[in-house]
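Here is the structure we will look at.
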Amino acid sequence: MDIIIAFINDLLWGTVLIYLLLGVGVFFTLRLGFIQFRHFGHMFSVLRNSRKSDAAGISSFQALCTSLAARVGTGNLAGVAVALYLGGPGAIFWMWVIALIGMSTAFVESTLAQLYKVKDEDGNYRGGPAYYMEKGLGLRWMGVLFAIFLIIAFGLVFNAVQANSISAAMDVAFGIPHWATGLALVVLAGLIIFGGLRTIARFAELVVPVMALAYLLIALVVVAINITELPGVLSLIVKSAFGLEQAGGGAMGYAISQALINGIKRGLFSNEAGMGSAPNAAASATPYPPHPASQGYVQMLGVFTDTIVICTCTASIILLSGQFEPGSGVTGIELTQRALSHEVGNWGNTFIAIAILFFAFTSIVANYAYAENNLIFLEHNHKAGLLVFRLFVLGMVMFGSIGELPTIWAMADASMGMMALTNLVAILLLSGVAIKLARDYNDQLKLGKVPSFDPTKYPELNRQLEEGIWDKK
């Protein structure tokens with residue numbers, strides 16, 4: 001089994017996805033006119049009006065918090081440490097690059113998810129890559145394939161990864177056995193996921209902003225303590241990204257490749273741009289302005305917050321602490337805990353344990369919401385299998401709490417890679433639609449209007465859309 005997983009990872013992450021992710025991100029950045037830089041301020045303008053919702057959808061702010069709940073987790077605390085350990089400080093530079101480029105990809109996939117959303121049996125919005133593959137491309141088989149990959153990745157494997165990090169952190173900080181942490185997680189997660197999407201959205205809306213601000217504050221304290229060393233650390237990150245710290249040509253090439261591969265792998269795992277996960281949350285929102293592209297702007301902000309802000313916090317704590325030692329065997333959440341404890345004292349262990357508890361736990365419940373959305377797609381809008389699936393999810397949480405980290409990380413990489421590959425192909429095929437929507441939104445914005453989507457202007461799209469979703473109120 002390990003050999004098969006390793007082969008898939010080598011194939012996907014050694015060549016295919018590295019070039020595809022960068023290529024797709026650059027393609028959309030160019031086609032959208034560097035939208036993530038030109039309209040950086042507009043992301044915050046949309047966020048200011050993001051608390052509106054209705055009976056069918058959650059608010060844009062709740063959708064952002066739900067997507068951040070899934071994004072901000074193990075990848076931000078343990079994943080950054082893994083990227084540093086395997087790829088060196090240069091991996092952080094490539095995490096930044098993949099995030100900045102990936103913001104345009106996130107815009108496209110979330111805009112498409114909003115456009116092609118549907119209503120479920122209870123009158124709630126549902127959507128995501130599986131839905132735009134079926135409605136936009138007319139390829140239900142492709143949507144089924146994506147849905148299966150997502151259910152495996154997010155509903156099962158990723159939740160095991162998050163539970164693994166929580167149990168490891170609790171063991172280091174408080175000496176709590178892994179099995180005891182696992183049982184507690186199963187009970188708490190069960191209480192929330194059985195409440196459905198709106199319960200998850202309300203939970204994320206309350207918890208995510210608080211945990212993100214608290215983590216940012218502690219990182220700023222560490223930076224302030226070591227402010228004189230900050231320029232040196234930033235220089236090290238950039239030099240290592242291009243192999244300038246290595247003497248020989250062969251060593252330089254190897255260093256660059258390791259930094260690039262690990263930075264992109266962990267960067268994608270963290271910010272999820274292009275993976276097709278966040279669009280599941282984006283589609284469930286009632287957007288304001290009432291246009292599919294407004295959710296694209298909201299989810300671009302999610303990628304920026306996750307990687308450029310929160311992942312950089314973790315990297316700063318580790319590199320400024322001096323606890324990063326290549327070849328020492330200390331990596332993952334343990335390295336992050338050691339680094340913060342070195343800077344602020346023993347309570348740093350406790351803080352990271354609590355942070356990973358909140359970060360990873362919110363990821364577990366948001367990951368479940370994504371998986372539920374795709375299970376309903378597979379079941380043709382019926383929910384007969386939800387009870388059995390919820391029990392499977394909770395079983396994977398328990399398995400992750402007591403399992404071995406390397407195998408779980410490898411499974412996460414493989415399932416994430418297959419899912420990303422399917423989604424990237426789909427958004428490339430639908431790129432013309434997304435670019436058309438972006439142009440429509442910005443043309444209205446230039447005229448001083450609040451952008452709104454009128455499907456009758458686009459009869460070729462109107463035929464593909466769910467009846468009643470985009471009708472004028």
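The values are calculated or read from the model by the stated rules, or taken from the named source; none is laboratory data. Being a predicted model, the structure only gives us computed values, none of them experimental. Virtual Cβ from ideal backbone geometry, glycine too; neighbours counted across all protein chains shown.
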Checklist entry - Of the residues in the stretch 186-200, how many are aliphatic (A, V, I, L, M) and within 21 Å of the chain's Cα centre (by Cα)? => result 5
Checklist outcome for this item: Among (1) among the charged types (D, E, K, R); (2) modelled with pLDDT of 85 or more; (3) over 22 Å from LEU375 (Cα atoms), ARG463 falls short only on (2)
Checklist outcome for this item: Output for Cβ contacts, cut-off 9 Å, separation at least six or different chains, first residue farther than 15 Å from GLY128 by Cα and among the acidic types (Asp, Glu) in the stretch 265-293, second modelled with pLDDT under 85 and assigned to a loop (DSSP other than H, G, I, E, B), reads none
Checklist entry - Say we look at the stretch 184-243 and pick out the residues that are in contact with a Gly (Cβ under 9 Å, 6 or more places away or on another chain) and within 21 Å of SER60 (Cβ to Cβ); which of these is surrounded by the most Cβ atoms within 10 Å (Cβ to Cβ)? => result PHE203
Next on the checklist: So in the stretch 121-169, with the set limited to residues that are assigned to a helix (DSSP H, G or I) and of a type in the set (Ser, Thr, Tyr), which one is modelled with the lowest pLDDT?
Outcome noted: SER165
Checklist entry - Do we find a residue being farther than 23 Å from VAL16 by Cα, modelled with pLDDT under 85 and acidic (Asp, Glu) anywhere in the stretch 408-425? => result no
Item to check | Failed criterion for VAL450 (all others in (1) in a helix (DSSP H, G or I); (2) in contact (Cβ under 8 Å) with a residue 60 or more places away in the chain; (3) among the hydrophobic types (A, V, I, L, M, F, W, C) hold) | outcome: (1)
Next on the checklist: Within the stretch 453-470, take every residue that is aliphatic (A, V, I, L, M) and in a loop (DSSP other than H, G, I, E, B) and give me the one that is surrounded by the fewest Cβ atoms within 10 Å (Cβ to Cβ).
Outcome noted: ILE469
Checklist entry - Given the structure, is ARG390 modelled with pLDDT of 85 or more, surrounded by 16 or more Cβ atoms within 10 Å (Cβ to Cβ) and within 28 Å of TYR116 (Cβ to Cβ)? => result yes
Next on the checklist: Pairs please, first residue from the stretch 453-473 and of a type in the set (Gly, Ala, Ser), second anywhere and not in a loop (DSSP other than H, G, I, E, B), Cβ atoms under 8 Å, 6+ apart in sequence or on different chains.
Outcome noted: GLY468/LYS119
